[in-house]
Structure formats: C-alpha cells, structure tokens
1. Can you confirm whether Asn57 is assigned to a loop (DSSP other than H, G, I, E, B) and exposed (fewer than 15 other Cβ atoms within 10 Å of the Cβ)?
2. If you check Thr25 against the conditions, is it surrounded by 14 or more Cβ atoms within 10 Å (Cβ to Cβ) and of a type in the set (S, T, N, Q)?
3. Inside the range 31-54, can you point out the residues that are among the aliphatic types (A, V, I, L, M), surrounded by fewer than 17 Cβ atoms within 10 Å (Cβ to Cβ) and more than 14 Å from Phe14 (Cβ to Cβ)?
Amino acid sequence: MKDTISISNFNFRFSGYGHYVVTYTSNTGKSFQNAITDMELIDKTKNCDNPKKVDLNRLKTLCKC
C-alpha cells in the first residue's frame with residue numbers, strides 16, 4: 001500500500017521574516033525538521049486550501065535534507 005501525504009503531516013512554526021521551521025511526520029511516526037526559506041513553497045502548501053501533492057512531496061524532501 002502506498003502512503004498518502006497530506007497537509008496534516010506537516011507542522012509549521014514561524015521563526016523570523018521569510019523563515020519557517022517545518023516538521024514533517026511520516027505515517028510511520030518518524031519526524032524530520034528543517035528551516036525552510038522558500039516562501040513560494042510555503043505559500044503553495046501552508047496557505048492553500050488544497051495543496052498539490054507535488055508541492056507537498058517537494059516540502060517533504062526539503063524537510064528530510
């Protein structure tokens with residue numbers, strides 16, 4: 001079975017102008033955290049009602065780096 005990704009897998013914490021600390025929690029319970037400065041990606045995910053899976057997967061990749 002393929003894992004699905006949704007906005008509920010992410011936790012956003014504002015950490016300054018143009019910076020968010022994003023925590024991704026996988027369906028297995030593992031957590032990954034990283035500071036994200038790509039505000040265009042934050043707008044496409046956090047500030048959107050129905051974010052695209054492509055954008056969520058891109059954010060997940062940045063959190064795991």
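1. In short, no.
2. Yes: the conditions hold for Thr25.
3. Matches in the range 31-54: Val54 only.
Values quoted throughout were computed directly from the atomic coordinates according to the rules given, and no laboratory measurement underlies them. What you see is a predicted model; the values in this text were computed from it and never measured. Heads up, the Cβs are rebuilt from the backbone with ideal geometry, glycines too, and the neighbour counts pull from every protein chain shown.
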